[in-house]
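Student: My structure is below; once you've seen it, I'll send some questions.
The values are calculated or read from the model by the stated rules, or taken from the named source; none is laboratory data. Bear in mind the structure is a predicted one, so any value in this text is a computation, not a measurement. No Cβ is skipped: glycine too gets one built from the backbone with ideal geometry, and neighbour counts run over all protein chains shown.
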Amino acid sequence: MTEQAQDAVPSGVIYPDVLHPMRDSSDKCENAPELKQRLAEDGYLLFRDVLDKDKLLALRAKITDVLAEVRWIAGGAEKMKAKVTGLAYREGEDRYFDAHDKLVRLEELYALAHDENLIRLMRNALGDSAFPHPLSITRLVFPGHPEITTPPHQDYRNNQGTTNLTASWIPLGDCRQQEGGLAVLEGSHRCGLLPIQYHLGPGNRGVVLPPAAKAMRWVSTDFRLGDVLLFPALTVHSALHNADPDHMRLSVDFRFQLEGEGVSPVCLEPHFGRYSWEEIYADWQSDQYKYYWKSKRYLPVQWDPTLLKLENDPIKQLYHDGMKFHKARNERLRKRQG
């Protein structure tokens, strides 16, 4: 991380610095016992070139159509590059939902979670009954805004249900480390559920790393279109700062688990819960993936709000970090516009 980027991040947050290469499990993708062992050892699995690139690009085209429509990015011949034309927005802002509320309805987004190659990978890694949650998320990462880079965190507190829940993170384009890819703290799933602190970025929570983390390695790679990264709910992972001067990082993620395990209500709802499934499905062309989870066996688990409770009131930090972000955002826009 550059000194400039480190100066911009909220106090107390430690992002990955020295990065080691990820172990590639592509040659083991059909070896279920080996995948389970590696996942238990490392807390992640990386697969190269396993998803249909045309399908991913078709979804990227749908997403960039929306982003161009709401004037976040340039349209026309530049559209697929996701070149930013204006201000950056963070999750939760009103203007963020201008795009989100259209993207959350895309049939192609939900269909990707059921891609046969992805399903096969997840079942080899987790077990034969693995299925995706209907919760499907598009990540829209603006360039040059380290204040809102997703901090090191664990997924469990935001999803709950079962600690065996496993995310699949999928870039919708080639994504070098400096363009905002993901990093994983290797072996961190064995640390258990870690304490949290406030953060301005997605999820608004980051972990407080234990002393044992100093002996662990942050691993990452230059991701390519067609790659998939898997990690369970207790693995500490973080976005890297998108240092590209102009282009957004676009990715999607889905969460899988075995039948018979716990599922919380939030994992059975559309992202942010702003719409009903009937509203989401209104313009779909197929019924294939509507309400599919109702035929699965799982244990309903009550949502526990205390898992997201912070020890200290974050209001002052929210104000301070928010002001820092708004000031930096306006300054970067002025520089971009010359």
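Student: Inspect the range 225-245 for any residue being among the small types (Gly, Ala, Ser), part of a loop (DSSP other than H, G, I, E, B) and surrounded by fewer than 14 Cβ atoms within 10 Å (Cβ to Cβ) and give the result as yes or no.
Tutor: Within the range 225-245, not a single residue is among the small types (Gly, Ala, Ser), part of a loop (DSSP other than H, G, I, E, B) and surrounded by fewer than 14 Cβ atoms within 10 Å (Cβ to Cβ).
Student: Among the listed residues 263, 301, identify the single one that is among the β-branched types (Val, Ile, Thr), in contact (Cβ under 8 Å) with a residue 12 or more places away in the chain, surrounded by 14 or more Cβ atoms within 10 Å (Cβ to Cβ) and under 20 Å from residue 168 (Cα atoms).
Tutor: The unique qualifying residue is 263.
Student: Test each condition in (1) buried (at least 16 other Cβ atoms within 10 Å of the Cβ); (2) modelled with pLDDT of 95 or more; (3) in contact with a Gly (Cβ under 7 Å, 6 or more places away or on another chain) for residue 107 and report the one that comes out false.
Tutor: With (1) buried (at least 16 other Cβ atoms within 10 Å of the Cβ); (2) modelled with pLDDT of 95 or more; (3) in contact with a Gly (Cβ under 7 Å, 6 or more places away or on another chain) applied to residue 107, the lone miss is (3).
Student: Those residues that are charged (D, E, K, R) and either touching a His at 6+ places or on another chain (Cβ under 7 Å) or part of a loop (DSSP other than H, G, I, E, B) (or both), I need them from the range 294-319; list them, please.
Tutor: Within the range 294-319, 296, 297, 304, 309, 311, 313 qualify.
Student: From the list 56, 35, 39, 46, which one is assigned to a helix (DSSP H, G or I), in contact with a Ser or Thr (Cβ under 7 Å, 6 or more places away or on another chain) and not aromatic (Phe, Trp, Tyr)?
Tutor: 35
Student: Mind listing whichever residues of the range 114-160 are farther than 20 Å from residue 176 by Cβ, assigned to a strand (DSSP E or B) and not β-branched (Val, Ile, Thr)?
Tutor: If the condition is that a residue be farther than 20 Å from residue 176 by Cβ, assigned to a strand (DSSP E or B) and not β-branched (Val, Ile, Thr), then 131, 132, 133, 134, 135, 136, 153 are the ones that fit.
Student: Now for a separate question. May I ask you to say which residue of 187, 76, 92, 86 is within 18 Å of the chain's Cα centre (by Cα) and of a type outside the set (S, T, N, Q)?
Tutor: On inspection, the qualifying residue turns out to be 92.
Student: Just a yes or no: is a residue in the range 263-280 in contact with a Ser or Thr (Cβ under 8 Å, 6 or more places away or on another chain) and aliphatic (A, V, I, L, M)?
Tutor: yes
Student: Based on what the data block shows, is residue 125 among the small types (Gly, Ala, Ser), out of contact with any strand residue (DSSP E or B) (no Cβ under 9 Å at 6 or more places or on another chain) and touching a residue at least 60 places away in the same chain (Cβ under 8 Å)?
Tutor: no
Student: So, one more: Being touching a His at 6+ places or on another chain (Cβ under 7 Å) and not in a helix (DSSP H, G or I) is the filter here; which residues of the range 59-83 pass it?
Tutor: Passing the criteria: 82, 83.
Student: For the range 204-212, does any single residue satisfy the condition of being of a type in the set (D, E, K, R), under 21 Å from the mean Cα position of the chain (by Cα), surrounded by 19 or more Cβ atoms within 10 Å (Cβ to Cβ) and not in a loop (DSSP other than H, G, I, E, B)?
Tutor: Yes; the residues of the range 204-212 include at least one that is of a type in the set (D, E, K, R), under 21 Å from the mean Cα position of the chain (by Cα), surrounded by 19 or more Cβ atoms within 10 Å (Cβ to Cβ) and not in a loop (DSSP other than H, G, I, E, B).
Student: So, one more: Six or more apart or on different chains, Cβ under 7 Å: which pairs go from a residue in the range 12-39 that's free of Cβ contacts under 8 Å to residues at least 40 places away in the same chain and closer than 18 Å to residue 220 by Cα to one that's part of a strand (DSSP E or B) and acidic (Asp, Glu)? Could you list them?
Tutor: none
Student: Looking at 276, 295, which one is surrounded by fewer than 13 Cβ atoms within 10 Å (Cβ to Cβ) and under 24 Å from the mean Cα position of the chain (by Cα)?
Tutor: Among 276, 295, only 276 is surrounded by fewer than 13 Cβ atoms within 10 Å (Cβ to Cβ) and under 24 Å from the mean Cα position of the chain (by Cα).
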